[in-house]
Structures are given as structure tokens and as C-alpha cells.
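Notes to accompany the following structure.
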Amino acid sequence: GKIRTGYFSNWWKLTDAQRAKVEAERNRTGSKTPGKGKRGNKKGKGDDGKGDKKRIKKLERQVKALKRSLTEETAESDDDDDDDEPSNTQAGTAFGGRGEHQRRKNKKK
């Protein structure tokens with residue numbers, strides 16, 4: 001039959017021979033021992049948090065550089081508004097406005 005390699009709630013109740021078979025099968029298939037290296041394992045190889053500070057500082061520098069380049073680009077684009085043609089679009093009268101509505105009311109009467 002097949003040898004189960006998953007979690008055994010009664011692991012310590014198994015005989016030494018049964019445990020050896022399970023461990024041999026786990027090694028053969030490359031599956032990891034259940035419970036090792038999972039949540040809450042403070043002693044194993046893991047992230048100690050020291051790299052986080054470096055990563056945060058690096059990202060903050062990148063953000064500052066991007067903000068700087070963005071403000072430079074917007075400043076350059078504002079300087080390019082040297083068009084000699086005056087703008088003919090007036091938002092207040094583009095869709096009629098108050099005066100247009102008044103003229104329409106007077107025409108209807």
C-alpha cells in the first residue's frame with residue numbers, strides 16, 4: 001500500500017519502524033515534515049526584520065527622486081504655454097449661460 005506522509009496527530013504513538021517508513025518516504029518524495037518552518041516558528045531561518053529598514057529607506061529615496069522628476073516635468077510643461085493665440089473658449093458662455101436662457105424666454109413670449 002501507500003505510505004501516508006502528511007500530518008499524524010498520533011505521531012509519538014507510532015512505532016519506531018512506522019515512523020522510519022514515513023520519514024524515508026518523506027525524504028524520497030522531497031516533502032517537508034509537517035509543522036516545521038510554518039507559522040510561528042521563531043527559531044528557524046527566517047526574516048529578522050533587519051532588511052526591512054534598508055528596503056524602506058531605498059524605496060523612500062526612489063519616491064523622492066520620482067517626485068523630484070515629476071515636479072521638474074510639470075514646471076517645464078508650464079513654461080511651454082507661450083502660445084500667442086488667445087483662447088476663444090469661455091466656459092461660461094459655451095453652453096448658453098444665464099443670458100442665453102433669458103433671451104430664449106423672451107423669444108417665447
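Every number in this text was worked out from the coordinates using simple rules, so none of it is lab data. As the structure is a computational prediction, the values presented were derived from the model and not from experiment.
The length gained by stretching the chain between K13 and K53 to full extension, at 0.36 nm per residue less their Cα-Cα distance, is 9.8 nm.
Any chance you could run the full-extension gain for E60 through K105? It's 0.36 nm times the residue separation minus the Cα-Cα distance, nm to one decimal.
Working: separation 45, 0.36 × 45 = 16.20 nm, distance 6.06 nm.
Full-extension gain reported as 10.1 nm.
What's the extension gain from K2 to K32 if we count 0.36 nm per residue and subtract their Cα-Cα distance? List each step's numbers first, then the result.
Values: separation 30, 0.36 × 30 = 10.80 nm, distance 1.73 nm.
Full-extension gain reported as 9.1 nm.
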